[in-house]
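Asker: Please find one structure pasted underneath; my questions will follow.
The values are calculated or read from the model by the stated rules, or taken from the named source; none is laboratory data. None of the values given here were measured: they were computed from a predicted structure. Here Cβ is always computed from backbone atoms with ideal geometry, including for glycine, and neighbour counts include all displayed protein chains. Remember, those area values only see protein heavy atoms, side chains included, never the ligands or the DNA or RNA. Shrake-Rupley method; radii C 1.70, N 1.55, O 1.52, S 1.80 Å.
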Amino acid sequence: MEEMEEELKCPVCGSFYREPIILPCSHNLCQACARNILVQTPESESPQSRRASGSGVSDYDYLDLDKMSLYSEADSGYGSYGGFASAPTTPCQKSPNGVRVFPPAMPPPPTHLSPALAPVPRNSCITCPQCHRSLILDDRGLRGFPKNRVLEGVIDRYQQSKAAALKCQLCEKAPKEATVMCEQCDVFYCDPCRLRCHPPRGPLAKHRLVPPAQGRVSRRLSPRKVSTCTDHELENHSMYCVQCKMPVCYQCLEEGKHSSHEVKALGAMWKLHKSQLSQALNGLSDRAKEAKEFLVQLRTMVQQIQENSVEFEACLVAQCDALIDALNRRKAQLLARVNKEHEHKLKVVRDQISHCTVKLRQTTGLMEYCLEVIKENDPSGFLQISDALIRRVHLTEDQWGKGTLTPRMTTDFDLSLDNSPLLQSIHQLDFVQVKASSPVPATPILQLEECCTHNNSATLSWKQPPLSTVAAEGYILELDDGSGGQFREVYVGKETMCTVDGLHFNSTYNARVKAFNKTGVSPYSKTLVLQTSEAGAHETKPMKDTDSEEQTLPFPVPSERLPLRRMSPFSSTLNLQPSFPGRSYFDFRSSPHQLSLHSSLQSLNAPGCNFETQSASYSQLVDIKKLLAVAWFAFDPGSAHSDIIFSNDNLTVTCSSYDDRVVLGKTGFSKGVHYWELTIDRYDNHPDPAFGVARIDVMKDVMLGKDDKAWAMYVDNNRSWFMHNNSHTNRTEGGITKGATIGVLLDLNRKTLTFFINNEQQGPIAFENVEGLFFPAVSLNRNVQVTLHTGLPVPDFYSSRASIA
């Protein structure tokens, strides 16, 4: 209850209300505080002068806000009344609660009367310190405001409920423990405040002072004051005026003040308003509960942010360290190459030095030998060796002239490191996204108040937790077989509500739901127990949360569920293929990324579906692969050629071009048997539109069937042909006119495609061995307009023929 304490304190004095009065703006003030903030207004603004001039319309006249500067957000805490010649500027002060109030321009004259009985200056004005609305008091003064007896009672109970020692009510800063209570003043005093504010002399000498504990008991046992009429103080309130929204007494009614108003008994209106307040509190309680959950979520987020920050910093450091390690490894590799080149150059130069040194030694030896030979004086001996020496000298000279004196290696390193791309990459290194992937969605919450069963069907509703930060792309609803078997998917899609039909009577099913997005799937919700009705009964059964088995609430069938069941398409599970955004196709396989509009278990109690025991396996109860899907869909403007014109909620199409253009359906099929029809709304100049199925990437600017991505029947006013990959086959007599109906039957169980005109099969089976993902398709020009009809059951003759086969 401590959170309520601010509601019980006066905005002027900051203490608990004492004798609170209710202003016309519905705010409360202590009666003494109200007197303290009265301001005297000029005579021309008084109620009497207004009534004399014919401008007064009520006892309490709100001042023209244009004439008063109640408070200013830009000033330094001061405000003033403007527009009055006789009203002095009055400083604006703040109460202990931080609310600006206007003290009186003149201090009130001393009086020994109580605040309620003390006279109020003429032409007094009071301004609400909370909403700043101003009004001029009439002759009754503050007695004209009703007293808030309910608030007084709440304050009494609140003070009595506090277990701490009673505190002095007059201490300004830190209240001391009370030592006495005055029964007449109804105030707790400490010794210093009693001597200062309640001296034992004069009229106060007759007051009875009792210990605080006894005062608390007497306060609790004191009878509640009866609310009396503000106009007739001796009359108690007995009626309630609906127009004036205030309690009135019997004498007020006799005087005719509320003669034309609707008046009701006070007790009845008291109960009615209590009921309305209770209902309003229910909604506020839900918001408060959500706010508490949100605060818990925010506090959890603080811890998660800190943990994620540490984790992310560690990841960032690890990634940068990995880059540095890679750079160091590359640096070592490059240095190794430089060292290798360095050694190679040194080896080549050193080898050349060694080679030149040897040759120079040989040359020098030959030169010295030749000089010594020249010194000999024996002509015949000299001539014997001179020719050979001359040849050797010339040969040696020639050897030095063949690039021997040119270095075989340069001193420069023929390597250049191009680091500009790496530097640019380092400068461009940044966060592509905060995380590589978003987290999985939060666990869905099953809304028990909106879940119910009716006969052998069940409606379930769920929602994301309040203020969930992770969006869910869809939900997966699972049911068991009614006998405690394995859970199976019965609905996958974006909707948060699903009706499942065809359950067994008098059976108990368990249901759960989970959410998914591109990252993954959430944990399962709490498991709900569904009890279907007994066979032949027509009643609503409740749903029960397995975590709260003590009670089961009888939830009614919401009326909005019935249109959902009738209008929603009952189909097999839709699977959203990631490569085709915004598209879906029928598939019975389980997948965490499946989306569907609605799914339904076909009636298991229909003729021909007799099962001996309730404990049979789920595959015996429901063979999903044998169910026939009935799909609702329309044409897809997103994938159609730009010349296609759509209308009738994308169910009717025509074309603005004389050339054939292709348009596909929004839903693709990969399993099951599917049938749809198209009616010819307009057919001029005998064109040949084509109808059939196609892949998503079919050519959109040629007739359907011209490429290998479409299987179609094109037809004019006399005959038809089947066409695939520009191959024309099976010419069949019989054409179309305005009003004709084209039926397309895609049996993916038997892998066949069959066409009908006006409920008659057109030719043999058009195509066989068709497998994969197919979208309904049409090609037409401006001379044709067609309307699509979906959600149709398979023709009876085909169903009977398929069952025989």
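Asker: Could you do me a favour and compute the accessible area per residue for the stretch 126-214, 1.4 Å probe, result in Å²? Don't jump to the answer; show the numbers that get you there.
Answerer: Numbers: 4830 Å² over 89 residues.
Dividing the accessible area of the stretch 126-214 by its residue count gives 54 Å².
Asker: How many angstrom lie between the C-alpha centres of the stretch 239-306 and the stretch 438-497?
Answerer: Cα centroid of the stretch 239-306 versus Cα centroid of the stretch 438-497: 35 Å apart.
Asker: Provide the net charge surrounding residue 409, with neighbours chosen by a C-beta distance below 15 Å and charges set as Lys +1, Arg +1, Asp -1, Glu -1.
Answerer: Working: positive: 340, 345, 347, 350, 408; negative: 341, 343, 351, 412, 414.
Charge balance near residue 409 sits at 0.
Asker: Filter the cross-link list 173/292; 9/245; 671/700; 167/274 down to pairs whose alpha-carbon distance in this structure exceeds 28 Å. Kindly include the intermediate steps, with their values, before the conclusion.
Answerer: Working: 173/292 33 Å; 9/245 25 Å; 671/700 25 Å; 167/274 34 Å.
Pairs exceeding the cut-off: 173/292; 167/274.
Asker: For the stretch 304-399, with every protein chain kept in place, what is the accessible area per residue (1.4 Å probe, Å²)? Each step should come with its number before you reach the end.
Answerer: Values: 7880 Å² over 96 residues.
Roughly 82 Å² per residue, with all protein chains present.
Asker: State the percentage of accessible surface on the stretch 630-680 attributable to carbon and sulfur atoms; use a 1.4 Å probe and exclude ligands, DNA and RNA.
Answerer: Carbon and sulfur: 47 percent of the exposed surface of the stretch 630-680.
Asker: Next question. Exactly which trypsin sites (Lys or Arg not before Pro) in the stretch 473-519 are in a DSSP loop and have at most 13 other Cβ atoms within 10 Å?
Answerer: Those satisfying the criteria are 494, 518.
Asker: Roll a 1.4 Å probe over the protein chains and send me the accessible area per residue for the stretch 651-745 in Å².
Answerer: On the way: 3550 Å² over 95 residues.
Accessible area per residue: 37 Å².
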